[in-house]
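K.L.:
Submitted below is the structure of interest, expressed as C-alpha cells.
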Ligand code: AKB
C-alpha cells in the first residue's frame, strides 16, 4: 500500500502534539513531518521550523519532502485573536491559502484544515445546533473560520481540491495544553484542581459549551482523512459532537475524584465570546456520511484526565 507522506503544520499546539504521535504510529515515523514556527521542538519524527505565511518556504517543505498530505493546524484561537484581530485574520487566512494553493497546483493530494464551533454566532440556534443554519460569527476567529470554510468548499468545487474539515468543539486532553481559546478553562481546571485544589473559572457556572476528549478529536481527524472521497459530501466543514457541559457540571464531576475541590467564578471578556457560541451540536451529517461517532462522555473524560494527570503532575501533599 502507498503510504501518505504527511506534513503537520502548527504541530506544537494542543491538537498537533497528539496528532503527530498518532499519525506516526499509524503511518510510520518516516512518513510524518512536524512543523511549527518555533526554532526547535521534540517530536519522535523529523521537525521543521516553518512559517505557514511564508508561501515559498511551505512550498519548498512540500516539494523537498515529497509531501502528499498536509494537516494545517496553525491558527490564532478565539481569545488571542480578539487581542490582535489584524494578525488573527492574517495568519488564519494566509496560512490556509498557502496550503490550498499548493493542492490546487497539484502538489498535494489531500488537505486537512480544522474549523470550529466559533463559526456560529448569536443568531444561531443554541441547542443541538444543526449543520446547516444561520451563521453570523462575532469574533475574528469565528469570521476567519467561516470564511475559510467557504474557501475550502470553493477550492473543492472549482479546482477539485480534496480538502476535508471538521468544526472542533472545545478540546480537552492531558498530553498538551491549549493556548488562547475560550474553552481552555476545561483543561486548566484539571491542572489547578490537582495542584491547588481550587480553580477560578473565567466563564460563569452555567455557561454550557460543546466539548470533546482529545482522543475523539484525533479519531475524527484521522477518520475523515481516511474516508473514501465520495463519502465526504460536505467540503466546507462538518459538525462533530461528543458532549456538552458547563463549569459547574465539570466541577461536580471533578469533586468525585477530589472531594475538597472548590470552584469560584470571575468571568472576563471570554464570557462574551462563549455567550455567542452553541451549547450543544448536532452532528447527524458526519455520522451519516463517514460514520463518525464519539467514545467519551463527561464521566469518562474526567476519569481519564484525572488518572493520566495524576501521574504527570507533582501533586502537593
Ligand atoms: C477556542 O476556544 O477558541 C477553541 C475553539 C472552540 O475553536 N478551542
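K.L.:
Could you list, in sequence order, the residues of the stretch 181-202 that are away from the ligand (no atom under 11 Å from the Cβ) and not in a strand (DSSP E or B)?
P.N.:
We begin by selecting, within the stretch 181-202, every residue away from the ligand (no atom under 11 Å from the Cβ); these are 188-202.
If the condition is that a residue be away from the ligand (no atom under 11 Å from the Cβ) and not in a strand (DSSP E or B), then 188, 189, 190, 191, 192, 193, 194, 195, 196, 197, 202 are the ones that fit.
K.L.:
Restricting to the stretch 76-107, what's the tally of residues that are buried (at least 24 other Cβ atoms within 10 Å of the Cβ) and either away from the ligand (no atom under 13 Å from the Cβ) or on the phi > 0 side of the Ramachandran plot (or both)?
P.N.:
Residues in the stretch 76-107 being buried (at least 24 other Cβ atoms within 10 Å of the Cβ) and either away from the ligand (no atom under 13 Å from the Cβ) or on the phi > 0 side of the Ramachandran plot (or both): 4 in total.
K.L.:
Residue 178 fails exactly one of the following numbered conditions: (1) within 12 Å of the ligand (Cβ to nearest atom); (2) at pLDDT 95 or above; (3) over 21 Å from residue 98 (Cβ atoms). What is the number of that condition?
P.N.:
Condition (2) is where residue 178 drops out.
K.L.:
Counting only residues that are touching a strand residue (DSSP E or B) at 6+ places or on another chain (Cβ under 6 Å) and more than 18 Å from residue 164 (Cα to Cα), give me the strands (runs of 3 or more DSSP E) lying completely in the stretch 1-93 with at least 1 of them. Before you say what the answer is, go through the steps one by one.
P.N.:
Details: elements: 6-9, 32-36, 46-49, 69-72.
Per the criteria, 32-36, 46-49.
K.L.:
Next question. Find all pairs meeting these conditions: Cβ atoms under 6 angstrom apart; at least six residues apart or on different chains; first residue within the stretch 159-181 and touching a residue at least 60 places away in the same chain (Cβ under 8 Å); second residue in a loop (DSSP other than H, G, I, E, B) and within 11 Å of the ligand (Cβ to nearest atom).
P.N.:
Hits for this filter: 168/114; 178/184; 180/77; 181/77.
K.L.:
Take the conditions buried (at least 19 other Cβ atoms within 10 Å of the Cβ), farther than 19 Å from residue 73 by Cβ and within 14 Å of the ligand (Cβ to nearest atom) and apply them to residue 217. Does it pass?
P.N.:
Working: buried (at least 19 other Cβ atoms within 10 Å of the Cβ): yes; farther than 19 Å from residue 73 by Cβ: no; within 14 Å of the ligand (Cβ to nearest atom): yes.
So residue 217 does not fit the description; no.
K.L.:
Now for a separate question. Tally the residues that are farther than 30 Å from residue 229 by Cα and touching a residue at least 40 places away in the same chain (Cβ under 8 Å), restricting the search to the stretch 278-313. Lay out the reasoning, then the answer.
P.N.:
Going residue by residue through the stretch 278-313, those that are farther than 30 Å from residue 229 by Cα are 279, 298-313.
From what's left, touching a residue at least 40 places away in the same chain (Cβ under 8 Å): 279, 298-306, 308-310, 312-313.
Here the count works out to 15.
K.L.:
Additional query: Residues 266, 308, 276: which one is closer than 26 Å to residue 81 by Cβ and surrounded by 14 or more Cβ atoms within 10 Å (Cβ to Cβ)?
P.N.:
Working: 266 fails: surrounded by 14 or more Cβ atoms within 10 Å (Cβ to Cβ); 308 fails: closer than 26 Å to residue 81 by Cβ.
After applying the criteria, what remains is 276.
K.L.:
I need a count of the residues in the stretch 115-136 that are closer than 16 Å to residue 280 by Cα and away from the ligand (no atom under 11 Å from the Cβ).
P.N.:
The qualifying residues number 15.
The values are calculated or read from the model by the stated rules, or taken from the named source; none is laboratory data. Remember, predicted model here, so these are calculated numbers, not experimental data. Glycine gets a Cβ as well: all are built from the backbone with ideal geometry, and neighbour counts include every protein chain shown.
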